[in-house]
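Trainee: What follows is a structure written as structure tokens; I'll ask about it next.
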């Protein structure tokens, strides 16, 4: 990749990171809604007589397929976001290294010109 290509590539990776953050927020809203539904169901269940029964019921409901799938999707989104962040940092670092190499080349040429004079 050329030096001039890096800013656009970095910007694109930042946009991807933003979209990943937006996706995570949506998935987090789903998990929060499901949690609220579970808590509401438990609060209005008159058969649950004490905290131990309520906690057991909450754990049982959170082990349901829908809730587990929502949590799994959220974790996958967090992992994908982490990968994007790693890729973004790599691009930034590669850009910095390439700029340093270009500066070194310029400095070397300037020294050669001064030595020749």
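Trainee: Name the one entry in 9, 52, 20 that is in a helix (DSSP H, G or I) and without any contact (Cβ under 8 Å) to a residue 12 or more places away in the chain.
Mentor: Working: 9 fails: without any contact (Cβ under 8 Å) to a residue 12 or more places away in the chain; 20 fails: without any contact (Cβ under 8 Å) to a residue 12 or more places away in the chain.
Result: 52 is the single residue among 9, 52, 20 that is in a helix (DSSP H, G or I) and without any contact (Cβ under 8 Å) to a residue 12 or more places away in the chain.
Trainee: So, residue 37, is that one closer than 21 Å to residue 7 by Cα, modelled with pLDDT of 95 or more, out of contact with any helix residue (DSSP H, G or I) (no Cβ under 6 Å at 6 or more places or on another chain) and surrounded by 12 or more Cβ atoms within 10 Å (Cβ to Cβ) or not? Before you say what the answer is, go through the steps one by one.
Mentor: Numbers: closer than 21 Å to residue 7 by Cα: no; modelled with pLDDT of 95 or more: yes; out of contact with any helix residue (DSSP H, G or I) (no Cβ under 6 Å at 6 or more places or on another chain): yes; surrounded by 12 or more Cβ atoms within 10 Å (Cβ to Cβ): yes.
Considered against the rule, which asks whether it is closer than 21 Å to residue 7 by Cα, modelled with pLDDT of 95 or more, out of contact with any helix residue (DSSP H, G or I) (no Cβ under 6 Å at 6 or more places or on another chain) and surrounded by 12 or more Cβ atoms within 10 Å (Cβ to Cβ), residue 37 comes out as no.
Trainee: Among 82, 77, which is the only one that is at pLDDT 95 or above and touching a helix residue (DSSP H, G or I) at 6+ places or on another chain (Cβ under 7 Å)? Give the derivation first.
Mentor: Numbers: 82 fails: touching a helix residue (DSSP H, G or I) at 6+ places or on another chain (Cβ under 7 Å).
Only one candidate qualifies: 77.
The values are calculated or read from the model by the stated rules, or taken from the named source; none is laboratory data. Please read all numbers here as calculations on a predicted model, not as lab measurements. Note that we place each Cβ from the backbone using ideal geometry, even for glycine, and neighbour counts take in every protein chain shown.
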